[in-house]
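Encoded as C-alpha cells, the structure appears first; notes follow it.
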Amino acid sequence: MILAIASGKGGTGKTTIATSLAQVIAEQSPLYLDCDVEAPNAHIFLDPEFEQSQPVNLPTPSVDENRCAGCGRCAEVCQYHAIVSIDGKVLVFPELCHGCGSCMRQCPHGAIEEIPSVLGLLEAGITPEGIHFARGTLDIGQPMAVPIIRALKQWDPYGDMEQVIRDSSPGVSCPVVETLAGADFVLLVTEPTPFGLHDLQLAVQLTEELNLPAGVVLNRDGIGDQRVEEYCRSEGVPVLMRIPFDERIGKAVAHGETLIEAFPEFQPRFHEVFARITDLISDHETTNQPVEEIMPASRCSKAIGS
Amino acid sequence: MKLALTVNKQADNPKLDRRFGRCSYFLVVDTETQKRAFLSNPGVDSERGAGTQAAQYLVNESVEAVISGHFGPNAYSVLDAAGIQMFAANEGQVDSLLADFHTGKLPHAVSQDGHRRGRRR
C-alpha cells in the first residue's frame, strides 16, 4: 500500500502523523519517503543513518559555438523560455530549463548537446526501529521540486516495498501532485480553523481530480469550530482520527519526539487508521475503474488553478 | 529609435506598469515620428520564464530602449546582451516619462543581483 500524507495548509501535522504511522508498522519494514524536498524534516524524528545517496540531474542544453548558425530555432521551440536567441547569439538559462530535450532534437545543425545539471540529492538509510527511510533534498537556488520527487519515487534503494508512506509538502501545487500520483490512499491532515478548512477543500478537490480515495485526520481538535467536520460529512470524506489540541504534544514534537513516542496511548488509534484505510481502498477499488493515466505534472498547476 | 514602455492598458496616456516581464502591453514609440503602437506581452501569462520571453519578444521586434520599473535578473541579462538600453522609472504616465526620457532625466536601470545570468554559448 502506498499511503500519501498531505494537507492543504502547512503546519497541520503531516510529518507528526506520518512518522507515527510508520512507527506503528515498523516491524513490517515500511519505506518512508520524505517528499517535502524543499524542507525535509522527518529524519529529525525517525533518525535514520544515511548509507546511500545519489544526485538528481536534469539534462540542460549546451550550445556548440562552432556548429551554431544562430538560427534561433532552439529559442522558438523552448516552451519554458529557457533559451534566448539574439542576432546569432544564444543565451541559456538553466534554472528555467525543464530538461525536455526539444532544443536538442530541433536544432537543424546538431549544435546542442545535453549536459547534466545537478538539482539535488537522494539519501537513504534505516532507522533504529527498522523503518527504511529515503528523502530528497532540492539544492539551494534550484526552483523545481518535481524532478527530485519523481526521482525519489523511482529510486528503490531497498527494492520493492510492501508499505510505503509518502510525506508530502503542503499545498496543492505540482510537488504535491507528483507526491500523490500513483498512491493508493491520501490522508489529509488538517485543523478545525478557517484556514484549515479552506485549504482542506482544495486538497480534497485535488484527490478527486486524481481519483484517489482520501480520509482526514483532524489535528488540534477542540480549537476553532465545527465547519471542517460539517464539510467532511457533506463531502463524504471520512474523518479517520482526531487528535486533541494539547500543548504537551506541541512541546514533545518541538523536542524531536514523535507523537506515539511521547504519547504511546495513541498507538492503537494509528493501527485503527491503517485498518480503516485498507477498507476504504477496497471500497474505492470496487466502485472505480483503476485510472492509470494521471495528470501530467507539467500541466498540474494550471489544471487545479494554483 | 524604437522605444518601449511597459503599461497595463491600451489608452491615450496610460500609467507605467512597473513589472517588465508581467506587464500587459508594451507601448512602442518611434521617437522620430512619434508613432505609437501597443504590443501584447506574450510573457504575461507564463508560469515561469516571463522575463526571458518578454525580452526575446522585444529583441525580435528590434526595440532599442525600454522604460520600466523593475527588470528581473533574467530579463536584464537578455536585454543587456542584446544591447537594448534599459531605463528605470518609479511611476508616472507615459507622456511625462517620455518627456523625462527626451530631456535625459531617466536613469539607466542597474542589474538587480549584481551578476549576469544566463550561460553564454
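The values are calculated or read from the model by the stated rules, or taken from the named source; none is laboratory data. All of these numbers come straight from a predicted model, not from anything done at the bench. Here Cβ is always computed from backbone atoms with ideal geometry, including for glycine, and neighbour counts include all displayed protein chains.
Those residues that are of a type in the set (Val, Ile, Thr) and modelled with pLDDT under 95, I need them from region A:61-89; list them, please. A:86, the sole residue that qualifies. Can you say whether residue A:244 is at negative phi, at pLDDT 95 or above and either hydroxyl-bearing (Ser, Thr, Tyr) or surrounded by fewer than 15 Cβ atoms within 10 Å (Cβ to Cβ) (or both), as far as the supplied structure shows? When the stated conditions are applied, residue A:244 passes them. In region A:77-90, of all residues being within 27 Å of the chain's Cα centre (by Cα) and under 17 Å from residue B:76 (Cβ atoms), the one that is nearest to the other protein chains (Cβ to nearest Cβ) corresponds to A:81. For residue B:22, indicate whether it is outside any strand (DSSP E or B), within 14 Å of chain A (Cβ to nearest Cβ), basic (Lys, Arg) and in contact (Cβ under 8 Å) with a residue 12 or more places away in the chain. In short, yes.
Report the residue count in region A:207-223 for those that are crowded, with 19+ Cβ neighbours inside 10 Å and either in contact with a Pro (Cβ under 8 Å, 6 or more places away or on another chain) or under 14 Å from residue A:185 (Cβ atoms) (or both).
Selection size over region A:207-223: 10.
Scanning region B:26-65 for residues that are within 10 Å of the chain's Cα centre (by Cα), of a type outside the set (Val, Ile, Thr) and more than 12 Å from every other protein chain (Cβ to nearest Cβ) yields a total of 4.
For first residues located in region A:55-76 and free of Cβ contacts under 8 Å to residues at least 40 places away in the same chain and more than 9 Å from chain B (Cβ to nearest Cβ), partners that are in a helix (DSSP H, G or I) and buried (at least 20 other Cβ atoms within 10 Å of the Cβ) and lie 6+ apart or on another chain with Cβ distances below 6 Å form the pairs A:74/A:103. The single condition among (1) of a type in the set (Val, Ile, Thr); (2) out of contact with any Gly (no Cβ under 7 Å at 6 or more places or on another chain); (3) farther than 20 Å from residue A:48 by Cα that residue A:164 does not satisfy is (3).
Taking each residue of region B:82-97 that is within 14 Å of chain A (Cβ to nearest Cβ) and looking for partners that are part of a loop (DSSP other than H, G, I, E, B) and buried (at least 19 other Cβ atoms within 10 Å of the Cβ) with beta-carbon atoms closer than 7 Å, six or more apart or interchain, yields B:84/B:63.
Just one of the numbered conditions (1) within 13 Å of chain B (Cβ to nearest Cβ); (2) surrounded by fewer than 15 Cβ atoms within 10 Å (Cβ to Cβ); (3) in contact (Cβ under 8 Å) with a residue 60 or more places away in the chain is not true of residue A:52: (1). Can you confirm whether residue A:93 is among the aromatic types (Phe, Trp, Tyr) and within 14 Å of chain B (Cβ to nearest Cβ)? Here the answer is yes, as residue A:93 does meet what is asked.
Scanning region A:113-145 for residues that are hydroxyl-bearing (Ser, Thr, Tyr) and either in contact with an Asp or Glu (Cβ under 8 Å, 6 or more places away or on another chain) or surrounded by fewer than 16 Cβ atoms within 10 Å (Cβ to Cβ) (or both) yields A:127, A:137. Here residue A:109 does not qualify as within 14 Å of another protein chain (Cβ to nearest Cβ), surrounded by 19 or more Cβ atoms within 10 Å (Cβ to Cβ) and not hydrophobic (A, V, I, L, M, F, W, C). In this structure, is residue A:38 out of contact with any His (no Cβ under 8 Å at 6 or more places or on another chain), in a helix (DSSP H, G or I) and either of a type in the set (D, E, K, R) or over 30 Å from residue A:90 (Cα atoms) (or both)? The answer is no for residue A:38. Looking at A:134, A:151, A:124, A:111, just one residue is more than 22 Å from residue A:22 (Cβ to Cβ) and at pLDDT 95 or above, and that residue is A:111.
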